[in-house]
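Dropping the structure in here first, questions after.
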Amino acid sequence: MGQMAQDKETAEKPSYEQARDELAEVVKRLEAGGLTLEESLALWERGEKLAAICEEWLEGARARLAAALDRPENGDAAAPF
């Protein structure tokens, strides 16, 4: 049961790379034209969802980076970057 729920969750939220690649494909199809209004709207909505997923991943990464840089355990050591 646990693995199945995990698979479902993973299927619902693709990785950043998957979402970015699919979004690029959606844009390419929209730019190519030749779609019905219904198809265009469906693609546009999918693109909006994918863009939101990418934004969530990026916000999460920013938050983790900020938290890592704020840790006092780094002390006065030189920044690793």
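The values are calculated or read from the model by the stated rules, or taken from the named source; none is laboratory data. These figures come from a predicted structure and were not determined experimentally. Heads up, the Cβs are rebuilt from the backbone with ideal geometry, glycines too, and the neighbour counts pull from every protein chain shown. The accessibility values were calculated without ligands, DNA or RNA, using every heavy atom of the protein model including side chains. Shrake-Rupley method; radii C 1.70, N 1.55, O 1.52, S 1.80 Å.
Restricting to region 30-45, give me the number of residues that are closer than 23 Å to ALA19 by Cβ and not in a helix (DSSP H, G or I).
Looking only at that region, the number is 1.
State all residues of region 11-37 that are surrounded by 11 or more Cβ atoms within 10 Å (Cβ to Cβ) and of a type in the set (Gly, Ala, Ser); if no residue qualifies, say none. Steps first, please.
The first filter runs over region 11-37 and keeps only residues surrounded by 11 or more Cβ atoms within 10 Å (Cβ to Cβ), leaving 13-16, 18-27, 29-30, 35.
Within region 11-37, SER15, ALA19, ALA24 meet the criteria.
Under the condition of being open to solvent by less than 90 Å² (accessible area, probe 1.4 Å) and assigned to a helix (DSSP H, G or I), which residue from region 66-81 is modelled with the lowest pLDDT?
Among residues in region 66-81 that are open to solvent by less than 90 Å² (accessible area, probe 1.4 Å) and assigned to a helix (DSSP H, G or I), the one modelled with the lowest pLDDT is ASN74.
Restricting attention to region 5-32, report how many residues are at pLDDT below 95 and of a type outside the set (Ser, Thr, Tyr).
Result for region 5-32: 9.
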